[in-house]
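Structure, as structure tokens:
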Amino acid sequence: MRVEGGIKFILLSEIVFPILLLIFGVYHGVMQVLYRAGVLKADSFLGIDYYQGLTLHGVINAIVFTTFFAVAFGNAISLYLLKKPLRPAVQWISWILMVGGTLMAAWAMFTKRATLLYTFYPPLIGHWTFYIGTVLLVVGSLLPFFFDWIPSAIAWKRENPDKKLPLAVFGVFVNHILWTIMIVPVAVEILFQLFPLSIGLVEDINPLLARTLFWFFGHPVVYFWLLPAYVMLYTMLPKIVSDKGKLYSDPAGRLAFILFLLFSLPVGLHHQFTEPGITNAWKLIHAIFTFFVALPSLITAFTVAASLEYSAKAEDPSVKNSRFYWWTRLPYLRLEGDKWLFSYFFAGLVLFFFGGITGIVNASYNLNLAVHNTAYVPGHFHTTVGGLVLLAFLGMSLYMVAKIRGTEVKFKGLAALAPYFWMQGMFMFSYAMMVGGALEGFPRRTNSGLTYLNPDSPLYRPEWVGYAQLSVVGGALLGIGFILFLIAFFGTLLAPKIRESVVEFPIADAYHDAPTPVLNNLKGWTVAAVLLAVLSYIPPLYDVTQRGVFHNSPAYNEKYPIPIKQLQQTEAQSKEVSLKEEK
Amino acid sequence: MDRAEKRALITALALLLFFFVLIVYAAKGLKIDLPTCITDVQPFKEGRLIQHAPDRYELQVVAKMWFFDFNQGQTEIEIPAGSVVDIYLTSADVVHGMHINGTTVNLMAIPGTVNYARYKFDKPGVYHVVCHEFCGVGHHAMMGKIVVK
Ligand code: HEM
Ligand SMILES: [Cu+2]
Ligand SMILES: [Cu+2]
């Protein structure tokens, strides 16, 4: 499918803009390991302080980059598979909202007006532009789905009444349906609690309610990051392994996506296991659902492995009858055609294997007491969102940029090596974080170099030193991997154009296929998912608004132990006093 | 669904079920349970350590910017080994965390609520208490120590 003009600009910039921000995000990731280990004993470096940088690291890497990519990927998938042009008006409005919102929030964070971390828990409160910027980004990311992809899918269906929606489109749709639903609670939190508090419209709020609404969004969002990567694993990975490669089973893919739709939402309390004010029976119920949501990932593990086996055997029939030997026929480090992309998926899958296992530990109700908010948690999710998700998104970004710009992938060797540096670095980093966190209680979200890892501090904890040092080595390898990627990415972006600008994907056929009328009923499953989510949240919401909460809390900012309102009053009073004295 | 797929699905389900049974056993059998909804204790303003019996204590902790108030402003307390302590926790300002390293006491301190855990301090030694939720510029310097003699 050819692209040109405005649509080409929009698709390209939706990929390039977040990667430019990601450079800062990853830079500060490397800084964090240095601060934490006490290599850098400081509050701030080059004008960015630790927690401000950590806020930017979380927001850019986990919210901005992923959201932009999901929209760019959805646009490209819808364009390529439904073969309907994108609607410029919708795309421009969405682009302006997303870029404008991001810039607003970035301004607040870069000027130290919103040092809240990416979870922005009240009663810590930031500048209103942070909240409204986030809302605009999110609203902008929903528009293409409702006003572009859905109408295109309806038109496609009319032309192809007896075909089912292509699996990649199906996955993208499930992802955006999920995204739409999870936005509702966090939008309520922002628009009715945080924004009014930030501009002084209300004096106090209920922080436990805010946290509950946040995690109603905060868990499903991890699947919003993950599902585009799963779409690639199902529909593209087999084709990358071999031109004759096939997806093992199309219905299995659809089943996995529907299970995600159902069970991603009623699980948010697993982030609140250690919180007061919520009856623990409900925490246990959310824990059960969390185990259910591990099921589609286990299905995916099977299907991906089976597809790899099928494709490797199709590529090289000499391993046809061997049980394990086909593993040696995968293109681990190959530069022909699009095979370099395999490195990204393979390194991502290896990391994700550990991400899945360690995630089950987090979800395990009382076992969570050993790991909650320790460094274990970032150790875990850097192998998921910082592993498979990031690598799949980076690889696909490079692939799409080459197609859309009409260039060759430059520095292919570096591009294919980068994921392995990343994988090795992440192993060391995550191992250090997880073991230090789970066994020794090393906390997350802490500039530990100033106190815990500073031999001159009364809080010195020598047992954490080794872990922090190992994470520095890991962080350095991660940084090298990322630089290798950037060389290939910008080399490709700036290379001379030699082909038409196109949007194109290597889509594999399915080996097992069957009609799946029940699974394809997206409307029905959406209703079921909403019902399940609402039912599972009514009792905890009752707890956090009625039973377990005693009074409301005023806003603080990150510097002062005095409520903001009082602080402003005392500031005004002291000004008056000094004015009087001058007179 | 072919045979291999079916087998994989059943294995996955069995594995998850097995894990879950162990969790429920640990929670209800071994009584390692999570905090629950406390409805009968008002948030308090000051930390207090109250001795109810030679080896029974009640500890009311107020987490605030930027220390743990264990007992009328003290950040360090001493209790005899073998004591059973009922720990109540609230926050005087923003959200804090409280992890007593080396124990299963891992709680969030949220303004307007009271959190609770019971722990038996069998082993003598120094128990470091760490705040693990970002609570402002002094977060990494929050003091707290429990000495078990
Ligand atoms: C060079 C690569 C990276 C390094 C060295 C790195 C390092 C770190 C460290 C040390 C922390 C914990 C800081 C603390 O809790 O005090 C952290 C947090 C985090 N990282 Fe990374 N990171 C990297 C890349 C990424 C990527 C690619 C993503 C996501 C796509 C990511 C997402 C996050 C998130 C969401 C947090 C949590 C922030 C919070 O707790 O508020 N990181 N990172
Ligand atoms: Cu979660
Ligand atoms: Cu803190």
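The values are calculated or read from the model by the stated rules, or taken from the named source; none is laboratory data. It should be emphasised that the depicted structure is a prediction, and the values quoted were computed from it without experimental measurement. Glycine also receives a Cβ, built like all others from the backbone with ideal geometry; neighbour counts cover every protein chain displayed. Quick note on the areas: whole protein, heavy atoms, side chains included, nothing else; ligands and nucleic acids left out. Shrake-Rupley method; radii C 1.70, N 1.55, O 1.52, S 1.80 Å.
Some observations on this one:
- Buried area at the B-A interface (accessible, heavy atoms, 1.4 Å probe, summed, Å²): 5400 Å²
- Averaged per residue, the range A:413-510 has 38 square angstrom of accessible surface, using a 1.4 angstrom probe with ligands and nucleic acids left out.
- Residues whose amide H falls under 5 Å from that of A:Asn454, counting only those 5 or more places apart or on a different chain, are A:Arg461, with hydrogens built in the peptide plane.
- Rounded if a/c under 1.5, otherwise prolate or oblate - the protein assembly as shown, Cα gyration tensor axes: prolate
- The range A:516-579: trypsin sites (Lys or Arg not before Pro) in DSSP coil with no more than 16 other Cβ atoms inside 10 Å: A:Lys559
- For the range A:306-417, the alpha carbon positions stretch 48, 42, 19 Å along the principal axes, listed from largest to smallest.
- Rg/Rh, computed from the Cα trace of the range A:159-271 with Rh as the Kirkwood radius, has the value 1.16.
- Restricting the range B:25-90 to trypsin sites (Lys or Arg not before Pro) in coil, as DSSP defines it, with at most 12 other Cβ within 10 Å: B:Lys31, B:Lys45
- Rounded to the nearest 20 debye, dipole of chain A from Cβ charges on Lys, Arg, Asp, Glu: 1020 debye
- Distances between placed amide hydrogens fall under 5 Å for A:Tyr556 paired with A:Leu124, A:Ile125, A:Ile564, all partners being 5 or more residues away or on another chain.
- Accessible area, probe 1.4 Å, largest first, for residues B:Ile87, A:Ile150: A:Ile150, B:Ile87
- Annotation for the range A:89-136 versus the range A:301-320: alpha-carbon center distance of 45 Å.
- Histogram of C-alpha separations across the range A:1-110, 5 Å bin width, %: 2, 11, 20, 19, 13, 11, 9, 7, 4, 3, 1, 0
- Cβ-defined net charge surrounding B:Met1, 14 Å radius [Lys, Arg +1; Asp, Glu -1]: 0
- Residue-averaged [θ]222 nm for chain B, counting only DSSP H segments that reach four residues, each worth -39500 (n - 2.57): -5000 deg cm²/dmol
- For the range B:36-148, the tally of Lys pairs with Cα-Cα distances below 21 Å comes to 5, considering only residues 8 or more apart or on different chains.
- Theoretical FRET efficiency, 1/(1+(r/R0)^6), r = Cβ-Cβ of A:Leu579 and A:Ile199, R0 25 Å, to 0.05: 0.40
- Computed on protein heavy atoms with a 1.4 Å probe, the accessible areas place A:Trp282, A:Trp340 in the order A:Trp282, A:Trp340, largest first.
- Gain on full stretching of the segment that runs from A:Phe147 to A:Asp243 - 0.36 nm per residue minus C-alpha separation: 31.1 nm
- The range A:522-583 and the range A:40-85: distance between their alpha carbon centers, rounded to Å: 26 Å
- Secondary-structure-derived ellipticity at 222 nm for chain A, considering helices only, amounts to -21000 deg cm²/dmol, per-run term -39500 (n - 2.57) for DSSP H runs with n ≥ 4.
- Relative protection proxy for A:497-503, A:248-254, from highest mean packing down: A:248-254, A:497-503 (other beta-carbon atoms within 10 angstrom).
- Cut-off under 5 Å, modelled amide H: who pairs with A:Lys246 long-range: A:Ser311
- 3J(HN,Hα) from dihedral phi, the range A:303-314, Karplus parametrisation 6.51/-1.76/1.60, rounded to Hz, x for glycine, proline: 5, 5, 4, 5, 5, 4, 4, 4, 5, 5, 6, 5
- Remark: the range A:397-403, residue by residue, has Karplus-estimated 3J(HN,Hα) of 4, 4, 4, 5, 4, 4, 5 Hz, where x stands for each Gly or Pro and the curve is 6.51 cos²θ - 1.76 cosθ + 1.60 at θ = phi - 60°.
- Cα-based shape type of the range A:504-578, given that a ≥ b ≥ c are square roots of the gyration tensor eigenvalues and the cut on a/c is 1.5: oblate
- Percent accessible area from carbon and sulfur atoms, chain A, protein chains only, probe 1.4 Å: 68 percent
- Taking Lys and Arg as +1 and Asp and Glu as -1, the other residues whose beta-carbon sits under 14 Å from that of A:Arg2 total +4.
- Using a simple spin-label model with pseudo-atoms 7 Å out from Cα toward Cβ, A:Lys559 and A:Ile538 lie 4.7 nm apart.
- Cα gyration tensor shape for the range A:431-548, rounded if a/c is under 1.5, else prolate or oblate: oblate
- Between A:Ala415, B:Leu15, A:Pro144, the Cα set farthest toward the positive side of the dipole of the protein assembly as shown (charges on each charged residue's Cβ, about the Cα centre) is that of A:Ala415.
- Inter-centroid distance (Cα atoms) of the range B:95-135 relative to the range A:325-363, Å: 39 Å
- Approximate spin-label separation A:Glu408-A:Lys83, in nm, with each point projected 7 Å along Cα-to-Cβ: 3.2 nm
- Whole-Hz Karplus values for the range A:426-438 come out as 5, 4, 5, 4, 5, 4, 4, 5, 5, 5, x, x, 6 Hz, taken residue by residue from phi with 6.51 cos²θ - 1.76 cosθ + 1.60 and θ = phi - 60°; glycine and proline positions read x.
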